[in-house]
Amino acid sequence: MSRRKQTGPGGGRGKRADVGYGRPPPEHQFKPGQSGNKHGRPKGSKNEATIINEILDRKISIRDNGKARKITVLEGILTKAADDALKGKDKAAAFLLNRRQQVESSEQPAAPQLDNDDRKVLDFYNAQLYEKFKKQGDPK
């Protein structure tokens with residue numbers, strides 16, 4: 001692969017050594033505080049996930065057995081669903097039980113399932129390691 005010789009300012013074909021792919025000349029570089037996408041996402045705008053999390057994490061005041069306390073909106077929704085489930089509403093009970101199952105399954109990583117070939121390879125490797133460390137442990 002041949003490379004062209006780049007010359008400095010005032011020499012050769014007018015090429016500058018500090019300019020090339022990914023290195024535009026200083027007069028064409030973005031100035032500090034200037035964006036390449038002037039009409040892009042405005043600062044401070046939020047996506048849907050951020051808005052939902054802010055709404056569900058907002059604190060509200062409730063009365064529980066005559067005492068005022070503050071809980072999150074999410075806790076309030078789940079408490080209301082639990083109350084409805086206790087009143088015999090099957091959909092509320094199913095919702096809560098499904099959510100509990102989803103939360104518990106996401107907290108515990110699933111154990112990987114190995115097929116017979118993988119199991120044989122692991123057993124062979126374990127046997128080799130056992131023999132290696134057994135030999136290292138014997139002072140001879």
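Within the option set Ile71, Ile52, being under 27 Å from Asp83 (Cα atoms) and touching a helix residue (DSSP H, G or I) at 6+ places or on another chain (Cβ under 9 Å) holds for one residue only, Ile71.
Say we look at segment 22-57 and pick out the residues that are modelled with pLDDT under 85 and among the small types (Gly, Ala, Ser); which of these is nearest to the chain's Cα centre (by Cα)? My answer is Gly40.
For segment 62-78, filtering for residues that are polar (S, T, N, Q) and at pLDDT below 95 leaves 1. Residue count for segment 95-130, restricted to those that are among the hydroxyl-bearing types (Ser, Thr, Tyr) and closer than 30 Å to Leu78 by Cβ: 2.
Elements of the type helices (runs of 4 or more DSSP H) sitting completely within segment 42-140 and holding at least 1 residues that are touching a strand residue (DSSP E or B) at 6+ places or on another chain (Cβ under 9 Å): these cover 48-57, 73-86.
Scanning segment 16-49 for residues that are among the acidic types (Asp, Glu) and loosely packed, with under 10 Cβ neighbours inside 10 Å yields Glu27, Glu48. Checked against the criterion of being touching a helix residue (DSSP H, G or I) at 6+ places or on another chain (Cβ under 7 Å) and either farther than 22 Å from Asp57 by Cα or in contact (Cβ under 8 Å) with a residue 40 or more places away in the chain (or both), the candidates Ala85, Ala81 yield just one match: Ala85.
When the test is whether a residue is surrounded by fewer than 11 Cβ atoms within 10 Å (Cβ to Cβ) and at pLDDT 90 or above, Leu86 passes it.
Apart from one condition, Lys120 fits all of (1) of a type outside the set (Gly, Ala, Ser); (2) under 33 Å from the mean Cα position of the chain (by Cα); (3) surrounded by 10 or more Cβ atoms within 10 Å (Cβ to Cβ); the exception is (2).
The values are calculated or read from the model by the stated rules, or taken from the named source; none is laboratory data. Since we're looking at a predicted model, the values are computed, not measured. Using ideal geometry, Cβ is built from the backbone for each residue, glycine included, and neighbour counts are taken over all protein chains shown.
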